[in-house]
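Take a look at the structure below.
The values are calculated or read from the model by the stated rules, or taken from the named source; none is laboratory data. None of these values were measured; they are calculated from a predicted model. Positions of Cβ are backbone-derived with ideal geometry, glycine not excepted, and every protein chain shown enters the neighbour counts.
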Amino acid sequence: MKSFIDRTIEESSQNIGKCLHCQKCSNGCPISFAMDSYPNQIIRLLQLGQEERVYKSKTIWLCLACETCATRCPMEIDLTRVMATLREMAISKGYESPLPKIKLYHDMFLKSIKYTGRMFESGLFGLYGILAKQPFRDLNIGQKLFFKGKLSLFPSIVWRKKEIKKVFEKIKV
């Protein structure tokens, strides 16, 4: 059976073993103030085989996927891909997010892409607001974006449904 780090490397296609622990990923992360472990610490936990600590960490759920870490990494490790892989691995192992609303958003984001082929912001934020019991939370910004032509009331559908279906079959979502 493969080790935790080997499975993560295989599924993320990122050579985590190259990490120098220079902390550039953590120092540049705009959300690190809210994390329980910095991104470089997650890499170290991976290297040490601390599977449960990684899966129970808020960090893998808080990652914004802004790619600041990947841009700053001197070893060209795409930590965004690693964090996404760790979230999916945690879900498949039955771990619950310590931040349930983030898990809700994560699931809804994937469903939006699965059914339309791309992100449908209006539907995502509207439905998320209802399910998170905060239906008017994003109303002000949503109105501004709509009137500037940045939000659509209807999703645009990608016509390459077979390719999208293959991706979701591969990741088993």
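Quick notes on this structure:
- Residue 7, sole failed condition from (1) under 13 Å from the mean Cα position of the chain (by Cα); (2) more than 30 Å from residue 159 (Cα to Cα): (1)
- Within region 138-173, the residues that satisfy the criterion of being of a type in the set (Lys, Arg) and touching a residue at least 12 places away in the same chain (Cβ under 8 Å) are 160, 161, 172.
- Test: residue in region 61-74 that is within 19 Å of the chain's Cα centre (by Cα), among the basic types (Lys, Arg) and assigned to a loop (DSSP other than H, G, I, E, B): no
- In region 124-149, residue surrounded by the most Cβ atoms within 10 Å (Cβ to Cβ) [restricted to those that are at pLDDT 85 or above and of a type in the set (D, E, K, R)]: 144
- Among the conditions (1) under 29 Å from residue 26 (Cα atoms); (2) assigned by TED's automatic domain parsing to the domain that holds residue 161; (3) touching a Lys or Arg at 6+ places or on another chain (Cβ under 8 Å), residue 129 misses just one, which is (1).
- Selection status of residue 105, closer than 22 Å to residue 32 by Cβ and not assigned by TED's automatic domain parsing to the domain that holds residue 157: no
- Restricted to region 9-32, and to residues there that are loosely packed, with under 14 Cβ neighbours inside 10 Å and of a type in the set (D, E, K, R), the residue that is farthest from residue 90 (Cα to Cα) is 18.
- Single residue of 86, 110 found to be at pLDDT below 85, aliphatic (A, V, I, L, M) and surrounded by 14 or more Cβ atoms within 10 Å (Cβ to Cβ): 110
- When 60, 43, 77 are checked against the criterion of being in contact with a Cys (Cβ under 7 Å, 6 or more places away or on another chain) and either touching a residue at least 60 places away in the same chain (Cβ under 8 Å) or more than 15 Å from residue 6 (Cα to Cα) (or both), a single residue qualifies: 77.
- Scanning region 111-138 for residues that are among the basic types (Lys, Arg) and more than 20 Å from residue 166 (Cα to Cα) turns up 133, 137.
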